[in-house]
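Participant: Take this structure first; my questions come after.
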Amino acid sequence: MEFDPSALQAVGFVSVESRWNANRRASEALPLFKCYKGKIGDREATLIAALRTKLQQQVDRGDSVKDYKVASMFRVWYNLRKTEGKITSNMSFRGPTILVFLGFLSCVHADLKLGFYDDSCPKAEKLILDFVEEHIPNAPTVAASLLRMHFHDCFVRGCDGSVLINSTGTNQAEKAATPNQTLRGFDFIDRLKSVVEEECPGVVSCADILALATRDAVGVIGGPIWRVPTGRRDGLISNSSEALSEIPAPTSNLSSLQTSFANKGLNDADLVLLSGAHTIGVAHCESFSDRLYNFTGNGDQDPSLDGFYATNLKNNKCRDATDETTLVEMDPGSFRTFDVEYYRNLLKRRGLFESDAALTTDAAAKAAIVNLVDSPPQTFFAGFAMSMEKMGSIGVKTGSSGEIRRNCAVINS
Ligand code: HEM
């Protein structure tokens with residue numbers, strides 16, 4: 001495949017900053033498709049042709065590129081093209097990432113498909129996007145909450161909405177597990193579900209709503225967006241002990257993180273990229289206070305944590321070892337902005353959790369991080385988008401398995 005990044009740079013494609021920049025005049029975006037040179041597969045050619053036609057229609061009407069799917073697919077496609085070379089040469093530290101990328105381009109999710117609800121509930125995705133666009137600007141921290149919730153959902157019994165279920169008298173659900181006790185945003189998903197149910201009762205799964213809302217919320221705060229093929233069905237089982245064993249702990253070392261991710265079909269590159277989610281959001285002191293006060297059981301501090309940062313945390317945030325309430329920005333100074341500062345902090349030994357710090361304990365992982373920091377932000381965005389799409393398809397239930405829950409917090413009776 002040949003590609004001419006300089007031509008793309010020359011026209012300044014919308015993807016460089018945020019999804020909102022996709023709202024530029026379609027006429028600005030259209031020339032990008034002319035930059036593509038060389039051989040491409042039938043599937044990709046069809047996609048590009050369809051996007052061009054759609055953009056051309058928008059140009060003819062004098063519209064902005066507002067169509068969400070077009071803008072989103074267009075951006076992912078562009079990002080992949082633009083970063084392909086860098087990521088393949090520097091980021092793959094276990095096996096050839098190029099295969100992942102090529103797989104992504106022709107992305108066939110055996111069971112999920114883009115626009116699964118196009119016939120059964122054509123307005124579903126738009127309703128979700130509208131709701132997110134309306135509410136996330138007033139509550140931007142919910143984007144981080146949803147992103148973490150989606151991760152916790154996918155790592156336990158696949159992305160099947162099992163994290164959303166309430167405990168009952170006879171069942172301790174995932175929500176009750178320690179890592180999930182700090183999840184927020186359940187009410188946001190419940191409200192979204194009500195909106196979608198009003199339009200199409202019993203059609204759209206809670207698992208899909210969570211996956212779509214997460215993507216849209218991250219997009220709204222200026223982060224990357226990714227494709228979310230749909231058709232997930234909701235699980236019937238939610239078990240707190242499974243959540244405890246499947247969700248990686250913040251005290252994990254690199255090999256335990258690698259194993260945990262590999263068990264879900266995610267490789268080392270995915271681990272580095274998805275950990276970049278910690279560029280947004282907050283953590284409770286108790287998630288890392290051992291590093292400050294009791295690292296080896298002798299009242300000591302984790303020597304791998306930058307001393308200046310540790311002192312600052314102790315003096316200004318987590319003032320004692322038992323603090324359970326104070327929240328700390330995981331990416332201080334830009335915890336609401338999706339950027340590469342999280343990785344820059346890791347290189348300064350300022351990752352908040354041992355699991356963050358662990359990423360710099362391996363030469364290849366560290367090289368991948370250095371590459372992300374040294375590259376334009378879209379390298380991180382494109383890689384993150386790719387890994388999120390992979391994460392979103394972990395263990396999905398489709399066809400007739402599971403159910404479409406009427407209330408996300410309760411299994412249908
Ligand atoms: C690699 C293993 C990971 C570990 C050990 C880990 C652990 C944690 C912990 C302990 C917190 C803070 C919880 C609290 O104290 O309130 C947190 C927050 C967060 N995590 Fe992770 N995480 C990991 C990977 C991920 C991934 C893959 C994602 C998403 C793709 C993610 C997204 C987030 C977000 C967005 C927050 C902030 C949540 C908020 O502000 O409400 N994490 N993580």
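Nothing in this text is a laboratory measurement; each read-out follows from the coordinates by a stated rule. Note that the coordinates shown come from a computational prediction; the quantities given were computed from them, not determined experimentally. Here the Cβ is made from the backbone with ideal geometry for all residues, glycine too, and neighbour counts use every protein chain on show.
Participant: So how do 352-358, 334-340 stack up, highest first, on mean other-Cβ count within 10 Å?
Facilitator: Details: 352-358: 22.4, 334-340: 19.0.
Top of the packing list down: 352-358, 334-340.
Participant: Once both labels are modelled 7 Å past Cα along the beta-carbon direction, what's the Asn171-Glu329 spacing in nm?
Facilitator: 4.0
Participant: Using a Förster radius of 22 Å, what is the FRET efficiency between Arg191 and Ser120 based on their Cβ-Cβ separation? Nearest 0.05, please.
Facilitator: Numbers: r = 22 Å, r/R0 = 0.98.
Step by step, r from the Cβ atoms, then E = 0.55.
Participant: While we're here: Test of understanding: ordering Arg227, Arg148, Arg215, Arg184 by Cβ neighbours within 10 Å, fewest first, what list do you get? Numbers along the way, then the final one.
Facilitator: Working: Arg227 20, Arg148 23, Arg215 29, Arg184 16.
With the fewest neighbours first, Arg227, Arg148, Arg215, Arg184 line up as Arg184, Arg227, Arg148, Arg215.
Participant: Further question: Please tell me which of these pairs span more than 25 angstrom C-alpha to C-alpha: Lys113/Lys390; Lys126/Lys193; Lys264/Lys348; Lys193/Lys264; Lys175/Lys314; Lys366/Lys390? Walk me through the numbers before you get to the answer.
Facilitator: Values: Lys113/Lys390 13 Å; Lys126/Lys193 13 Å; Lys264/Lys348 30 Å; Lys193/Lys264 27 Å; Lys175/Lys314 30 Å; Lys366/Lys390 22 Å.
Listed pairs above 25 Å: Lys264/Lys348; Lys193/Lys264; Lys175/Lys314.
Participant: So, one more: Once you charge only the Cβ atoms, +1 for Lys and Arg and -1 for Asp and Glu, what is the size of the charge dipole of the range 124-245 about its Cα centre, to the nearest 20 debye? Please list the in-between numbers first.
Facilitator: Numbers: 11 positive and 16 negative charges, 77 e Å.
So the dipole magnitude of the range 124-245 works out to roughly 380 debye.
Participant: Related question: Between Leu236 and Cys200, what is 0.36 nm times their sequence separation minus the Cα-Cα distance? Round to one decimal in nm.
Facilitator: Details: separation 36, 0.36 × 36 = 12.96 nm, distance 2.11 nm.
That works out to 10.8 nm of additional length.
Participant: Considering all projection directions equally, how large on average is the shadow of the alpha-carbon convex hull of the range 124-245, in square nanometres?
Facilitator: Details: hull surface 29.2 nm².
Average projection, Cα convex hull of the range 124-245: 7.3 nm².
Participant: Find the relative contact order for the range 124-245 and round it to a whole percent, using C-alpha pairs within less than 8 Å whose residues are 6+ positions apart.
Facilitator: On the way: 167 pairs, mean separation 47.3, N = 122.
Rounded, it is 39 percent for the range 124-245.
Participant: On to the next question. State the extension gain, in nm to one decimal, for the chain segment bounded by Asp111 and Asp320, taking 0.36 nm per residue of separation less the distance between their alpha-carbons.
Facilitator: On the way: separation 209, 0.36 × 209 = 75.24 nm, distance 4.93 nm.
Gain on extension, Asp111 to Asp320, equals 70.3 nm.
Participant: Evaluate the distance, in nm, between pseudo-label points positioned 7 Å from the Cα of Asp374 and of Thr337 along their respective Cα→Cβ axes.
Facilitator: Distance between label points: 2.3 nm.
Participant: Treat each spin label as a single point 7 Å out from the Cα along the C-beta direction, and report the Leu347 to Ser400 distance in nm.
Facilitator: 5.5
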